[in-house]
1. Work out the FRET efficiency for Lys29 and His81 from their Cβ-Cβ distance, taking R0 = 25 Å, and round it to the nearest 0.05.
2. Who wins for biggest fluctuation among Ser118, Ser55, Ser21 in a Gaussian network model of the chain, springs between alpha carbons below 10 Å?
3. Only helices at least 20 Å long along their own axis, judged from Cα atoms, and with Kyte-Doolittle mean hydropathy of -1.0 or greater: name those in the chain from DSSP H.
4. Provide the per-residue ³J(HN,Hα) series for the range 131-143, in order, calculated from phi with Karplus coefficients 6.51, -1.76, 1.60 and θ = phi - 60°, each as a whole number of Hz, with x at glycine and proline positions.
5. State the extension gain, in nm to one decimal, for the chain segment bounded by Trp148 and Leu163, taking 0.36 nm per residue of separation less the distance between their alpha-carbons.
6. Give me the lysines in straight-line cross-link reach of Lys29: C-alpha distance below 16 Å, same-chain residues under 8 apart excluded.
7. What range in the chain is the longest one free of chymotrypsin sites (Phe, Trp or Tyr not before Pro) that are in a loop by DSSP and have at most 15 other Cβ atoms within 10 angstrom?
8. For Arg98, what residues show an amide H to amide H distance below 5 Å, using hydrogens built from the backbone and excluding near sequence neighbours?
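We did not get these values from a lab; they are worked out from the coordinates using the rules stated. Because the structure is a prediction, the values reported are computed rather than measured. Virtual Cβ from ideal backbone geometry, glycine too; neighbours counted across all protein chains shown.
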Amino acid sequence: MTCTLILTRHAKSAWDANVPSDHARSLNKRGRRSAPAIAAWLRDNGYLPDQVISSSAQRTRETCELMELGVPAQFTERLYHANSEMMFKVLIEAEQPRVMLIGHNPGIAAFAHSIVSSPPDHSRFDDYPTGATLVAEFDISSWRDLAWSSGKPVDFAVPRELLGE
């Protein structure tokens, strides 16, 4: 049996000076186009998740809502600016075999690098831009059996390429 991780960085957010906090920042126009593009790519390639766990920040919530994945999302403070170790802890508690985590840089890029055995062949994997999504498979029957550097990259996409920008 395999478990599949869909690791998505939130779509592009706005830098509005009137927003009360970083946590409250919302998506900008490009972000609102990008999230549905990533969702369409997931659907077209058969990568839809069974479970979604997301940072509780406004921009990750909006990313998740605009993706319309048909799965209720769990929003947690634990993924707000989480480091690799916290993302690992959240993932091993997942209950479904196909899990999407939605988070932030720099933690999500560090986690992506640490969880796969080798990076996907893509020029943007190292910087993990907004909306970037990694799909990786793990030869395990439960997330509790997850180990570092054990994932096999299956696919990687960034919204700008999907939208032809």
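1. E(calc), rounded to 0.05, equals 0.55.
2. Ser21
3. Values: long enough: 29-44 (23 Å, -0.85).
Span-like helices here: 29-44.
4. Computed from phi, the couplings for the range 131-143 are x, 4, 9, 9, 10, 9, 10, 10, 7, 9, 9, 8, 4 Hz.
5. Details: separation 15, 0.36 × 15 = 5.40 nm, distance 3.24 nm.
Contour length minus Cα-Cα distance gives 2.2 nm.
6. In chain and number order, the partners are Lys12.
7. By the stated rule (loop sites, at most 15 other Cβ atoms within 10 Å), 16-147.
8. Thr4, Asp50, Gln51
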